[in-house]
1. Step through the residues of the range 127-136 one at a time and calculate ³J(HN,Hα) from phi using the Karplus curve (6.51 cos²θ - 1.76 cosθ + 1.60, θ = phi - 60°), rounding each to whole Hz and writing x for Gly and Pro.
2. Fewest to most neighbouring Cβ within 10 Å: what's the order for LEU24, LEU108?
3. For the charge dipole of the chain, defined by +1 on Lys and Arg C-beta atoms and -1 on Asp and Glu C-beta atoms about the Cα centroid, which residue among PRO39, PRO202, LEU152 has the Cα displaced farthest towards the positive pole?
4. Dipole of the chain, Cα-centred, from +1 at each Lys and Arg C-beta and -1 at each Asp and Glu C-beta, to the nearest 20 debye?
5. Mind listing the long-range amide H neighbours of GLU32? Cut-off is under 5 Å, sequence gap 5 or more, other chains count too, H placed in the peptide plane at 1.01 Å from N.
6. Work out from phi, with θ = phi - 60° and the Karplus expression 6.51 cos²θ - 1.76 cosθ + 1.60, the ³J(HN,Hα) of each residue of the range 79-92, listed in order in whole Hz, and give x for Gly and Pro.
7. Can you tell me the order of 128-139, 74-85 when each peptide is scored by its average per-residue count of other Cβ atoms within 10 angstrom, highest first?
8. By counting other Cβ atoms within 10 Å of each Cβ, how are VAL208, VAL226, VAL197 ranked from fewest to most?
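Just so it is clear, none of the values below were taken in a lab; they were calculated from the coordinates. Predicted, not measured: the structure shown is a model, and the values here were computed from it. Backbone-built Cβ (ideal geometry, glycine too); neighbour counts: all protein chains shown.
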Amino acid sequence: MTAAAIDARGLGKDFGSVCALDRLDLEVREGEFFGFLGPNGAGKTTTVHLLATLLAPSRGSARVAGHDIRVDGLAVRRNIGLVFQETTLDRDLTVEENLRFAARLWNLPEHQAAARIEAALRRFGLFERRRDSVRSLSGGMRRAADIARGILHEPRILFLDEPTAGLDPRARRSLWELIRSLRASSGLTVFLTTHYVEEAEPCDRVAVMDRGRLAALDTPAELKRVAGVASLEEVFLARTGHELAQTGAS
Ligand SMILES: Nc1ncnc2c1ncn2[C@@H]1O[C@H](COP(=O)(O)OP(=O)(O)O)[C@@H](O)[C@H]1O
Ligand SMILES: [Mg+2]
């Protein structure tokens, strides 16, 4: 039996009187492409930040890559990549400089860093643009650069927080292809948050989140079959009693 990549038990977080995440029980398998679907304010980012040890839980806990987020934060962080909802690249540095800086933070030896950076730049279609400032890139390329940086230390689990929010359909599709090829070649576990139902569709399993609570969890096909509906949008409506907000913004 392989260990779960993520195993959350009663995980919750309050911000003052706001309950951002109630009590989440969730298991993500190793190598799984896991979708975390919900409208704005559902608690997606809070969950990612808890699992990535950027926030301390108010209750419950989780093991990520086998390590307890409450006691073994460093081990968790070594095993995960995190791409934030907003880009955190330095816009004034070149793409390559951003990646080199990340490689230094990860203490990668110089030759290994150089090889991995070149491979990542080529894989993400950024090699020709490596000497350009991040500021000059399109939104889609910036997101690709974010993800390239997120996998430099070869994490086992990659968290992508609304990676395609705000991108045009073409850029979204091409980013989607990148994520697909990345998974195919590395067996990486991907935990993807989104409020776009069409992005949850290709996931192995999808958690439907509503106001800090897990409303449903299964494969997209099974979720639709059980709810007796044709789309994940309708699953959301059936399980929560209200519609999935489609703001397009995040
Ligand atoms: N740092 C914070 N301080 C106060 N409230 C927060 C903070 N972060 C998130 N929240 C609140 O927690 C809820 C869940 O937010 P979030 O996890 O960002 O949702 P999502 O990513 O699904 O849009 C929202 O009501 C949000 O306003
Ligand atoms: Mg969010």
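1. Here the 3J(HN,Hα) series is 4, 5, 9, 4, 9, 8, 5, 4, 4, 7 Hz.
2. Details: LEU24 24, LEU108 19.
Ordered from fewest to most neighbouring Cβ atoms within 10 Å, LEU24, LEU108 come out as LEU108, LEU24.
3. Among PRO39, PRO202, LEU152, the one farthest towards the positive end of the dipole of the chain is LEU152.
4. It works out to roughly 420 debye.
5. For GLU32, the qualifying residues are VAL190.
6. So the J values, rounded to whole Hz, are 9, 10, x, 9, 10, 5, 4, 9, 4, 10, 6, 7, 5, 7.
7. Details: 128-139: 14.7, 74-85: 18.6.
Most protected by this proxy first, the peptides run 74-85, 128-139.
8. Values: VAL208 26, VAL226 13, VAL197 20.
Ascending number of Cβ neighbours within 10 Å: VAL226, VAL197, VAL208.
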